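Engineer: Would you mind keeping the following structure in view while I ask a few things?
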Amino acid sequence: MRPRPEVSITLLCLLLFAPISNSPAADTRPITEEDLFRFVWIADPQISPDGSRVAFVQVRVNEKKEGYESAIWTVSTRGEAPRHLTGGPRDSGPRWSPDGSRLVFARSVEKDGKPQPPQLYVLPMSGGEAWPLTSLPKGAGAPAWSPDGKRIAFLSSTTDEDLAPPFRVRGLWTPGWNPRLPSGPSDTCGIAGV
């Protein structure tokens, strides 16, 4: 009985691609705890409205190896090198404005050595520093731009009682715009003008 051609090809492929004990992979060491501390993660990629750029969050273990640091980066879809947009260390959730001229993102700053609730910041893509959009005692998150790019809806568990000065939100609710945001039982929706 003569072997079928498929069997012969399969056996030949197995022999050609079988692992060889002298390969570089055989000389590698197991992963260590120190290797894990050097890992860099990419999270929350957001493609710009014109498709030319992607904003993303870069996450890494901090120097003290007790937590994570995150910053916003951008990269061209044409293959250019990534560009660092924010200094972090706790920036997340970038969202493009409808015209791609700005990014809104969440930033948690430190006060008395402790991270504060995240607030929303707006970064002009033409250059310059990010400016704070919110200053709420319980923070803000899940931003969503209005279609015309003039307002940003967001979630916060801040109540009216929490809003004694110096806390603020720029802008007001605009009738006729119904943002679709994820929400939980304790979240309230806010609208900020930009």
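Engineer: Is there a residue in segment 139-157 that is among the aromatic types (Phe, Trp, Tyr) and either at pLDDT 95 or above or in a loop (DSSP other than H, G, I, E, B) (or both)?
Structural biologist: Yes, there is a match, as at least one residue in segment 139-157 is among the aromatic types (Phe, Trp, Tyr) and either at pLDDT 95 or above or in a loop (DSSP other than H, G, I, E, B) (or both).
Engineer: Let me ask another. Quick one: would you say residue 22 is at pLDDT below 95 and open to solvent by 70 Å² or more (accessible area, probe 1.4 Å)?
Structural biologist: So residue 22 passes the test.
Engineer: I need a count of the residues in segment 71-92 that are open to solvent by 20 Å² or more (accessible area, probe 1.4 Å), in a strand (DSSP E or B) and closer than 24 Å to residue 133 by Cα.
Structural biologist: Matching residues across segment 71-92 total 5.
Engineer: Looking at (1) modelled with pLDDT under 95; (2) more than 24 Å from residue 151 (Cα to Cα), can you tell me which one residue 75 breaks?
Structural biologist: Of (1) modelled with pLDDT under 95; (2) more than 24 Å from residue 151 (Cα to Cα), only one is false for residue 75: (1).
Engineer: Just give me the residues in segment 127-145 being open to solvent by 70 Å² or more (accessible area, probe 1.4 Å) and touching a residue at least 12 places away in the same chain (Cβ under 8 Å), in sequence order.
Structural biologist: 138
Engineer: Before we move on, is residue 52 open to solvent by 20 Å² or more (accessible area, probe 1.4 Å) and among the hydroxyl-bearing types (Ser, Thr, Tyr)?
Structural biologist: Judged against the criteria, residue 52 is a match.
Engineer: Next question. Please verify whether residue 148 is surrounded by fewer than 17 Cβ atoms within 10 Å (Cβ to Cβ), among the charged types (D, E, K, R), closer than 16 Å to residue 90 by Cα and more than 18 Å from the chain's Cα centre (by Cα), treating the condition exactly as stated.
Structural biologist: For residue 148, the condition - surrounded by fewer than 17 Cβ atoms within 10 Å (Cβ to Cβ), among the charged types (D, E, K, R), closer than 16 Å to residue 90 by Cα and more than 18 Å from the chain's Cα centre (by Cα) - is not met.
Engineer: If you take the residues of segment 23-51 that are outside any strand (DSSP E or B) and touching a residue at least 40 places away in the same chain (Cβ under 8 Å), which of them is farthest from residue 79 (Cα to Cα)?
Structural biologist: Among them, the one singled out is 49.
Engineer: Looking only at segment 114-126, filter to residues that are under 20 Å from residue 98 (Cβ atoms) and of a type outside the set (A, V, I, L, M, F, W, C); which one of those is surrounded by the fewest Cβ atoms within 10 Å (Cβ to Cβ)?
Structural biologist: 126
Engineer: Determine which member of the set 61, 104, 57 is modelled with pLDDT under 95 and among the β-branched types (Val, Ile, Thr).
Structural biologist: Answer to the check: 61.
Engineer: Related question: For residues in segment 93-103 being in a strand (DSSP E or B) and without any contact (Cβ under 8 Å) to a residue 60 or more places away in the chain, which is most open to solvent (accessible area, probe 1.4 Å)?
Structural biologist: The residue in question is 95.
The values are calculated or read from the model by the stated rules, or taken from the named source; none is laboratory data. On a predicted model such as this, the values are computed, not experimentally measured, just so you know. All Cβ positions, glycine included, derive from the backbone under ideal geometry; neighbour counts span all protein chains shown. Note: areas computed on protein heavy atoms with side chains; ligands, DNA, RNA excluded. Shrake-Rupley method; radii C 1.70, N 1.55, O 1.52, S 1.80 Å.
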